[in-house]
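So the structure is just underneath, and the comments pick up after that.
We did not get these values from a lab; they are worked out from the coordinates using the rules stated. As the structure is a prediction and not an experimental result, all values here were calculated from the model. In this analysis, Cβ positions are derived from the backbone assuming ideal geometry, glycine residues included, and neighbour counts consider all displayed protein chains.
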Amino acid sequence: MSSTATVLTRNAPHSEGIRSIPIGKIGIWWLLASEIMVFGGLITSYVLLRISHGGWAEQAAHVRWQLGTLNTAVLLTSSLTMALALSASRQDRRRRTATFLLLTVLLGVAFLGIKAFEYTGELREGFTPASGLFWSFYYGMTGLHALHVTAGIVVNLTFFVMAVRGDLWDGKQARLEYAGLYWHFVDVVWIFLFPLLYLS
Amino acid sequence: MINMAGDDHSYVAIWGWLLGLLIAGVFVFTLHLATVTLLFIIFGVAAIKAILVVRNYMHLKAEHVLIYAIAGIPILLVIGMLLALIPDIVFHR
């Protein structure tokens, strides 16, 4: 056996393992990797500037941690409903899938509603993105996160309509897993934004 | 065969842990501890919550090593960027 053939034979199970991963799953993880760089860069900048410049704690004291806590609970619950929707779709329980998808969408909308209420109060008190470095980061990071939540809501709503119309089945359930991965990632980002902006 | 009903119970249990950790983190915040202690606890709690979501809801515990590599490399890059910039930004004011 030639050395090339030996290498191919030796690598065969590993290569087969990689080929067994759906290309869509690799694609969504690749997207999430780029999102890690986006939010990671922002969070790193925030941490470094906060350590090197004083006076941030006084500005951060004006955010309402009670609303942030409520929003965290809402987003964590939406992750549960998303996981339950995927589980129901794998069992071919169509009505249950649609119900949990709708709940996920509604919880996402509730998150945005609470965030909008928060923004309104802060702006009324005179805290705008130009009020200081903390507020620039606060509006920048939570605003970017809210855009991601909005995108997730649109995707989940699309899948809800597909589930109700009966278009989500016949092997298309894997797409719901990719939407779920994105939604859970948005949740993970918020898990770190919450203590960064509200509790520290 | 995967026991889906078991999975659902596990998802609900993980959600209970996530809410419990959220309440614990906020409770610690209200105690007005020393800043370093507070930061250590609340970011420790956040890390545990993130691991719970990633491992259980995103099913990373059952994924191929390639997925770990795709997700892990940018995290290492972000940590590397943070460590590389600390001397310039934090210590050279």
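One table, with the values for the structure above:
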{"quantity": "Extension gain from residue A:130 to residue A:91, taking 0.36 nm per residue of separation minus the Cα-Cα distance", "calculated": "9.0 nm"}
{"quantity": "Helical contribution to [θ] at 222 nm, DSSP H n ≥ 4, -39,500 (n - 2.57), averaged over chain B, rounded to 500", "calculated": "-26500 deg cm²/dmol"}
{"quantity": "Over chain A, relative contact order from alpha-carbon pairs under 8 Å, at least 6 apart, %", "calculated": "30 percent"}
{"quantity": "Proximal aspartates and glutamates relative to residue B:49, as straight alpha-carbon distance under 20 Å, when same-chain residues fewer than 8 apart are discounted", "calculated": "A:35, A:187, B:7, B:8, B:63"}
{"quantity": "Loop sites in region A:139-183: chymotrypsin sites (Phe, Trp or Tyr not before Pro), DSSP, at most 14 other Cβ within 10 Å", "calculated": "A:169"}
{"quantity": "Positive dipole terminus of chain A, leading residue within A:141, A:183, A:169 (C-beta point charges)", "calculated": "A:169"}
{"quantity": "Farthest positive-ward along the protein assembly as shown dipole, Cα basis, beta-carbon charges - from A:48, B:34, B:64", "calculated": "B:64"}
{"quantity": "20 Å Cα-Cα reach of residue A:172 towards lysines, excluding residues that sit fewer than 8 places from it in its own chain", "calculated": "A:25"}
{"quantity": "Order of B:11, B:68 under a 10 Å beta carbon neighbour criterion, fewest first", "calculated": "B:68, B:11"}
{"quantity": "Label-to-label distance, nm, for residues given as residue A:52 and residue A:34 (7 Å Cα→Cβ offset)", "calculated": "2.9 nm"}
{"quantity": "Least to most buried among A:170, B:8 (fewest other Cβ within 10 Å first)", "calculated": "A:170, B:8"}
{"quantity": "Rounded to the nearest 20 debye, dipole of chain A from Cβ charges on Lys, Arg, Asp, Glu", "calculated": "600 debye"}
{"quantity": "Potential extension, residue A:64-residue A:144 segment - 0.36 nm per residue separation minus Cα distance", "calculated": "26.9 nm"}
{"quantity": "Rounded tilt (10° steps) of A:3-19 against the dominant C-alpha axis of chain A", "calculated": "60 degrees"}
